[in-house]
1. Look at segment 213-238 and say how many of its residues are of a type in the set (D, E, K, R), at pLDDT 90 or above and in a loop (DSSP other than H, G, I, E, B).
2. Any chance segment 285-302 includes a residue that's out of contact with any strand residue (DSSP E or B) (no Cβ under 7 Å at 6 or more places or on another chain) and closer than 19 Å to THR392 by Cα?
3. Given the criteria part of a strand (DSSP E or B) and modelled with pLDDT of 90 or more, does PRO242 qualify?
4. Test of understanding: among ASN233, ASN287, ASN249, which residue is of a type outside the set (Asp, Glu), under 20 Å from GLU331 (Cβ atoms) and surrounded by fewer than 18 Cβ atoms within 10 Å (Cβ to Cβ)?
5. Out of contact with any Lys or Arg (no Cβ under 8 Å at 6 or more places or on another chain), at pLDDT 90 or above and polar (S, T, N, Q): is that true of THR388 in this structure?
6. Could you go through segment 53-62 and let me know if any residue there is outside any loop (DSSP other than H, G, I, E, B), surrounded by fewer than 14 Cβ atoms within 10 Å (Cβ to Cβ) and not hydrophobic (A, V, I, L, M, F, W, C).
7. With respect to LYS427, determine if the residue is basic (Lys, Arg) and surrounded by 20 or more Cβ atoms within 10 Å (Cβ to Cβ).
8. Would you check if there is a residue in segment 14-26 being aromatic (Phe, Trp, Tyr), within 19 Å of ILE221 (Cα to Cα) and either part of a helix (DSSP H, G or I) or at pLDDT below 95 (or both)?
Amino acid sequence: MNFNKNNHFLRSSIDYFKINKEKRISFVIKKSFLFSEISNFLNNCISDSKKIIFFCCGNSLISKKINSDNKYIQEIDDGYNEKLLDSNEYKNLDYDYENIIKEVDHVIIADIEHQKNPSKNLLQISQKINDDARIIVISKSFFWFFLIRLLKNIFFQFAPKNYNFLPTNYLDNLFNICNLEIVRTEKIIAFPIYIPFITNAINKLFRLPLLNFFCINNLTILKKIKTEQKKINHQKISIIIPCKNEEKNIPLFANNLKNLGQETEYLFGNDKSEDKTVEEIQKLDSNNQNSKIILYEAPGVCKSENVYKGIEKSTGDIIVIYDADLTVDFEDVALCLKIFTETNADFLNCTRMIYPQNNNAMKKTNFFGNMTFAFLFSILFKSKITDTLCGTKIFYKKDWHKIKKDVSTWGVKDLWGDFDLLIGAYKNNLKLIEFPVTYYERKEGITKMTSVIKNGLRMLWIIIYSFYKLRLKN
């Protein structure tokens, strides 16, 4: 099936962009700095793309600097591609639309204002793309919609007079009815006039919280809502348990080692323990009949390196990271797994800050530090985060290859791994949810989270640098 432009675009848009081709191309070239800025920011939102589709309307220049092995571009008129792009930079979408769209990892929609039936088009795309693909819709803010319409009528006509009134605020309902949900939103470009150095500096400044209200463009990243969820008993579970001097806690696992899926493996990572942790893990292995126990030697550097080695050794479909202090009940872990597999989530972060905590479960300094980091993460993610340092996290093994590319690239090494995983999930557009668990006092031993000020400053720098890398760095 070929892509039919006449059925995709508004008649007024088709007529305008054909009649005013040279005028529009001249305008796009003149404003190329804007399209370059959009391209650069899109590259921050797209990771390791193999196949990508662009739906454009006189603005295919956006695709020029996008990093992807294969770029398929659907323009309103092929003349725009010929003038704005090199022929080796893209492939035409016309010839095999049905098969291509099933294989892409990203769909970028930069023509939604000019589509004849945006809801129908979005619904068809959501039905055809695979579950891991992401859709990025480029739209304008409510404020700028009116301002741009006023400016183009006063100065010169660079787009048709009649097009869809679809500012970002109005699109949320459209996404919902098209079986799509928002994973992430970004705002860019507040100053569309080119002044060397100054324009770039202003546009970066206005990506900061509150100031970003004045930005022109919104990038909304979407994933399809799965109509069929994989059942937990059809999937293999890998539970990563980092251990260091936990000989008194390990025996407490004896009554908790249950099969939580089709098959469950428990990977205990011994981090150069100086007590009898290894012997206690070996006792568990000899007495356990419900699941497979794997003991591996961790690097002895920090918890994060321990966890990452365990993930690499794991063979499950779903990864569960669980602390050896048993401060989160295994019944809660089982419930989290059920919720995770029955929702559209890609990453589940447990939170200890919702239900009442047991007495002495968390030191006051750790509590206030965690609340501070949760507040900062809420700003970074533009959604409510209540706990960043809970050791219990769940995600799909297939997503690990995306996350691990950015491990410890957030300004300084993450010794614990929580920030690496959370920021990595956000950067790679994974749907993140929080689920409340009860936090119990450690049964045996002492907490490994010491040197609160030193660790706190390290974590603060990771947040600051990640904001720079995700929002400001081109």
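The values are calculated or read from the model by the stated rules, or taken from the named source; none is laboratory data. As the structure is a prediction and not an experimental result, all values here were calculated from the model. All Cβ positions, glycine included, derive from the backbone under ideal geometry; neighbour counts span all protein chains shown.
1. 0
2. yes
3. yes
4. Answer to the selection: ASN233.
5. For THR388, the condition - out of contact with any Lys or Arg (no Cβ under 8 Å at 6 or more places or on another chain), at pLDDT 90 or above and polar (S, T, N, Q) - is met.
6. Within segment 53-62 (the criterion being outside any loop (DSSP other than H, G, I, E, B), surrounded by fewer than 14 Cβ atoms within 10 Å (Cβ to Cβ) and not hydrophobic (A, V, I, L, M, F, W, C)), the answer is no, since none of the residues qualifies.
7. When the stated conditions are applied, LYS427 passes them.
8. No - not one qualifying residue is present in segment 14-26.
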